[in-house]
Amino acid sequence: MNFTRELQKILDLVVTLLMEGVSRVASPIVIVSDEDTASTDGSAYVKMPKTFLGRALSEQMFIAIGLLAHEIGHWLQPLSAIHEVENDTGLNHQVTNILLDIQLEANVVRIFPLFHHNLNELRVCTAKQYKSHYIKGQKEAQTFLEAAIYALLFGRFCVQSTCSFSTMFSQSSKFPKVKEVLEDALTFTLATSRQLPELLKEFAQKYPELCDASRKESGSGSGVFKPIAPDPTGSVSSGNVEGLISLLSAAFTVYNGAGECKEIVGQLHGRISPDAEVLAVCRMIQKRWEVPRSTGVLVGPGRMNRLAAVRGDPIPFEIQSPKGRALPETKVVLVADWSGSMNGSRWRETIRAAQAVTSAIRNSGGDVRGAIFEGNLIHEKEFSAKIFFSTDIGSMSLTTATGMETSFGWLPLVWQKFPHHRVVVLTDGNGLYPSVVPMACRKRTSAILLQVSSVDRPIVQATVQKFAEKFVHVTQLDEIASAWAVVIPRRAM
C-alpha cells in the first residue's frame, strides 16, 4: 500500500463530496513532510507529518486518516475572523486552538460520518500518551490559565473518545471556576463554523484570566507560540486557507436539524421471489435505462459470441471497440421508509416496486444498492439490494414495517459511502434531517412522498427540500415504481 496515495484518494473523495467543480479550482495534494504537525495552505497541499506520537505515521494508517480529517475540519472554519478575535481579545492561542478542535471534530463527523472511528482512535492514542501528563498538570497548575488548559485537554482526549469533548469527569482543582470553563467549552460541540467568532469573543469576555493583556494592547499575534501543555492535534492550519474556505462556504447548507447518523448492519435471510405482476412492471420501466452504447464490438480474441459460433462463423470471438464513448451505467441507492406508519399495503407495494426497479436497472447493466430506515439506517454490509427480496435482516422482519420513528440523519453516511450514486428516498412522513447538507449531495438526492396528507404535505415537503433536489408526490400505491423510475435518470448522477 502506498501511504501517500491512499491519503490522496481520501482527500479527493472529500473534495468530490463537498462540491462539484471544486476540484477544478482547488485540488490539494497530500505531502508527507518532516514537520511536527499536519498543515495546509487551503488550495495546493495538505502536509502530513512523517511521525506521530513517536511512530511512523505510515504504520498508523487509521490514525493518519484521523489527522487528515482533523485538518479538513479547519477548512470549514472562518480562520481570518477567528484570528481577529484573538488579536482583539488577547485570548490565549492554545485555548483558542482547543476550542476550535472541539468544534471541528464534532462538525466533521456530521458531514463525513465515516471519519468517526478514525477520530475516535486518534483521541484514544493521544490519551494513552498524555493522560497522566494532563492529570499532573491540573494538580500542579500555578495559574488559572494552566489549570484550564490541562482540564480542557483532559476533557478532549481522556474522558469519552467517542466525542470531541466531554465534561463527564470530576477532577479536583484549586481553581473552582475551571468547571465553568468546561461547561462553556461543551457548547462548541454544537456550534456551526459561522458561530465561532462570536462564541470565542463571548468566551474571552467571560474569562479575562485566559487572555493576554499585552497581546490585546499590541493587537498582534506575532511571535513564537509555545503551548503550555502538549496537544498533538492542536496546531491550526498554516498558510492561507481562506481561498478554499470561500469556495466551501457556498457548498454547504447549514440547518438546525437534529438527525443523528445511526445505522444497523445485519445479515439477510429468506428469499422472496418477485411475482408475475412485478416482472411485468420491471419490463415496462426497464426501457427507460436501455440506452444503446455508442461503442461497438470487433472480431478479435476476446469473449465468445455464441450466436456467431452457432452460425458457423470461422472466428466466433469479439472484443469491445476502442472507438466511441460508452454512456456511464446507472448507479442508484434505493432507501425505503420502514416506520410503523408504512405497515400494511403501503409497505407491501413499496417492496414490490423496489423489486421491479432493482430488476429493471440490473437488467440494463446498472448498479443498485438498497436499505431501509426508521430512526436508524438498516442495511446489509455491502448495501445489497437483496434486502428487497429477503424476509429478514438480522432479527427484524422485512415483511412488515415496525420502526418506531423517522429520521433522515443517516443521509451523510450514504452520500459518503456512495459518492457517485443517485440516492432515492421513499417516505410517508416527516422526520429529523441532517444538520449540514453539501449541495452536491443534495443535487443527487431525490425523494418519493407516499400518500402524504394535504395537511402534512407542506411540512414534509419543507423537510425533504432541505436534502433532496427533486421530489414526487405519489397518491396511488401502484404508481410507486413509475415514480421511482421518473427520478432516476439514465445517467444516475
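FYI, it's all coordinate maths here, none of it is from the lab. All of these numbers come straight from a predicted model, not from anything done at the bench. Cβ placement follows ideal geometry from the backbone for every residue including glycine, while neighbour counts extend to all protein chains displayed.
Fully extended, how many nm does the chain gain between residue 195 and residue 343 (0.36 nm per residue separation, minus their Cα-Cα distance)? Walk me through the numbers on the way to the answer.
Values: separation 148, 0.36 × 148 = 53.28 nm, distance 4.20 nm.
Full-extension gain reported as 49.1 nm.
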**Report entry** Two-site label geometry, residue 478 and residue 405: point separation in nm, points 7 Å out along Cα→Cβ
**Finding:** 3.8
Report summary line: A correct fewest-to-most ranking of 168, 284, 48 by other Cβ atoms within 10 Å would be 168, 284, 48
**Report entry** Formal net charge of residues neighbouring residue 451 (Cβ-Cβ distance under 13 Å; K, R +1; D, E -1)
**Finding:** -4
Query raised in the report: From the phi of every residue in segment 81-93, what ³J(HN,Hα) in whole Hz does the Karplus formula 6.51 cos²θ - 1.76 cosθ + 1.60 yield, where θ is phi - 60° and glycine or proline is x?
Result: 5, 5, 4, 5, 4, 4, 5, 6, 9, x, 4, 3, 5
**Report entry** Net charge contributed by nearby residues that have their C-beta within less than 10 Å of residue 375 (K/R +1, D/E -1)
**Finding:** -2
Report task. Work out how much length residue 62 to residue 486 would gain on full extension: take 0.36 nm times their residue separation and subtract the Cα-Cα distance, in nm to one decimal. Result -> 148.6 nm
Query raised in the report: Taking R0 as 30 Å, what's the FRET efficiency between residue 80 and residue 34 from their Cβ-Cβ distance, rounded to 0.05?
Result: 0.60
Report summary line: For residue 456, other-chain or 5+-apart residues with amide H closer than 5 Å (H placed, Pro excluded) are none
Report summary line: Quick note, segment 38-93: a/c under 1.5 would make it rounded; otherwise a/b > b/c is prolate and the rest oblate (a ≥ b ≥ c, C-alpha gyration tensor); here it is prolate
Report task. Assign one of three labels to segment 128-185, namely rounded, prolate or oblate, based on the Cα gyration tensor with a ≥ b ≥ c the square roots of its eigenvalues; rounded applies when a/c is under 1.5, prolate when it is not and a/b is larger than b/c, and oblate otherwise. Result -> oblate
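Classify segment 115-211 as rounded, prolate or oblate, taking a ≥ b ≥ c as the square roots of the eigenvalues of its Cα gyration tensor: rounded when a/c is under 1.5, otherwise prolate if a/b is larger than b/c and oblate if not. Working shown, then result.
Working: a/c = 2.17, a/b = 1.06, b/c = 2.05.
Judged from the Cα gyration tensor, segment 115-211 comes out oblate (a/c at least 1.5, b/c at or above a/b).
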Requested in this report: Return the sequence-ordered ³J(HN,Hα) values of segment 268-276 in whole Hz as given by the Karplus equation 6.51 cos²θ - 1.76 cosθ + 1.60 applied to θ = phi - 60°, using x for Gly and Pro.
Outcome: 8, 9, x, 9, 10, 8, x, 7, 4
